Amino acid sequence: MYLDVGGGHRLYYEVHGAPTGKPAVVIHGGPGGGMQRQVLDLFDLKRWRVLLFDQRGCGRSTPFLSLEKNTTWDLVADIECLREAVGIESWTVFGGSWGSTLALVYAAKHLQRVDALVLRGIYLGAPSENDWLYAEGGASELRPVEWSKFVRAATTRGRKSNNYITAYKRLLRDRRTRKAAAIAWSGWESAISTLKPRHLKENSNETLSLAVLENHYFSHGCWLRPGYLLRAVKRIPRSVPVTIVQGRYDLVCPPVSAVRLAKAIRHSTLQLTYAGHTASDPENAAALRKALTQLLT
């Protein structure tokens with residue numbers, strides 16, 4: 001199904017599970033990752049009503065790769081439009097990685113519409129988090145071979161860049177270099193997302209949208225003021241349960257962000273798992289499934 005949210009954008013969304021089940025919305029990662037139906041395996045669909053959707057510019061939402069009117073605040077407004085469109089009063093908000101960021105921003109702005117938060121692989125949109133991923137001395141120290149490929153793809157005329165987000169921005173905006181740059185950008189993230197390497201579908205739309213939209217958002221600091229989220233989430237009342245699941249070996253979103261978030265939301269529950277970044281890692285999946293089951297009682 002499609003929903004016109006203005007600005008020339010139409011969102012693709014799906015509703016799964018029991019029509020009278022407990023409502024939830026799943027906010028995917030990226031930006032640009034697109035919905036992943038595998039997340040439905042975490043829900044008891046006989047008791048949950050789950051909305052999945054593709055954020056602006058990715059998946060089946062149109063126009064594909066559009067950066068016009070595509071900001072964090074546009075996406076927050078989209079989530080609220082979707083809630084109204086499906087006739088839900090309030091819901092559980094589930095988000096991982098970038099999805100955790102967007103879930104928290106949505107909760108801060110529309111707190112009365114949030115019954116609970118279930119978050120994984122925390123990303124707060126802080127400059128230090130982007131430095132960890134895209135500057136020398138962070139994740140590059142742990143995956144040096146894969147990092148060298150990322151650097152090599154951004155090297156032009158024999159000169160290495162001092163700012164890889166900016167360097168890739170130029171490459172991704174140029175149709176002549178976009179494909180190779182997208183493969184290199186997404187390949188670096190794929191290499192550190194799981195404990196065991198996984199094959200990257202180089203010609204997929206997801207590879208392209210992940211690179212273009214992530215770079216777009218990170219180039220603009222995700223349109224979040226420094227420290228905004230950790231200040232905003234302190235308003236979340238104890239009546240809204242917050243569960244944080246964080247892999248101890250997450251190289252995309254290191255555990256320090258999850259610990260900082262748990263300190264800001266004092267009533268939250270933080271579970272550090274022996275896992276990496278993805279929801280499909282067995283311990284992450286088990287912890288998320290348990291958290292969702294507890295919300296049904």
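Points worth noting:
- Met1 meets the conditions (1) farther than 24 Å from Leu119 by Cα; (2) in contact (Cβ under 8 Å) with a residue 24 or more places away in the chain; (3) hydrophobic (A, V, I, L, M, F, W, C) in every case but one. The failed one is (2).
- For the residues Leu82, Leu51, Leu40, Leu45, the requirement of being assigned to a loop (DSSP other than H, G, I, E, B) and not acidic (Asp, Glu) singles out Leu45.
- Neighbours by Cβ (under 6 Å, 6+ apart or cross-chain): first from segment 249-272, in contact (Cβ under 8 Å) with a residue 12 or more places away in the chain; second assigned to a loop (DSSP other than H, G, I, E, B) and among the β-branched types (Val, Ile, Thr): Cys253/Ile122; Ser257/Ile122; Ala258/Ile122; Leu261/Ile122; Ile265/Ile236
- Residue ID - farthest from Ala77 (Cα to Cα), chosen from residues in segment 126-147 that are under 19 Å from the mean Cα position of the chain (by Cα) and among the polar types (S, T, N, Q): Ser128
- Flag if Glu214 is touching a Pro at 6+ places or on another chain (Cβ under 7 Å), in a helix (DSSP H, G or I) and in contact (Cβ under 8 Å) with a residue 12 or more places away in the chain: yes
- Of note, Asp250 does not satisfy the criterion of being at pLDDT below 95 and surrounded by 17 or more Cβ atoms within 10 Å (Cβ to Cβ).
- Residues considered: Thr92, Thr101. Of these, the only one that is buried (at least 18 other Cβ atoms within 10 Å of the Cβ), assigned to a strand (DSSP E or B) and β-branched (Val, Ile, Thr) is Thr92.
- The residues in segment 241-275 that are touching a strand residue (DSSP E or B) at 6+ places or on another chain (Cβ under 6 Å) and not in a helix (DSSP H, G or I) can be counted, and the count is 16.
- Members of segment 104-125 found to be over 14 Å from the mean Cα position of the chain (by Cα), not basic (Lys, Arg) and not in a strand (DSSP E or B), listed by number: Ala107, Ala108, His110, Leu111, Gln112
- Qualifying residue in segment 209-232 (condition: in contact with a strand residue (DSSP E or B) (Cβ under 8 Å, 6 or more places away or on another chain) and not basic (Lys, Arg)): no
- Restricting segment 6-51 to residues that are over 19 Å from Asn284 (Cα atoms) and either assigned by TED's automatic domain parsing to the domain that holds Glu214 or basic (Lys, Arg) (or both), the residue that is surrounded by the fewest Cβ atoms within 10 Å (Cβ to Cβ): Lys46
- When every residue of segment 193-200 is checked against the conditions, at least one turns out to be in a helix (DSSP H, G or I), buried (at least 17 other Cβ atoms within 10 Å of the Cβ) and at pLDDT below 95.
The values are calculated or read from the model by the stated rules, or taken from the named source; none is laboratory data. Since we're looking at a predicted model, the values are computed, not measured. Virtual Cβ from ideal backbone geometry, glycine too; neighbours counted across all protein chains shown.
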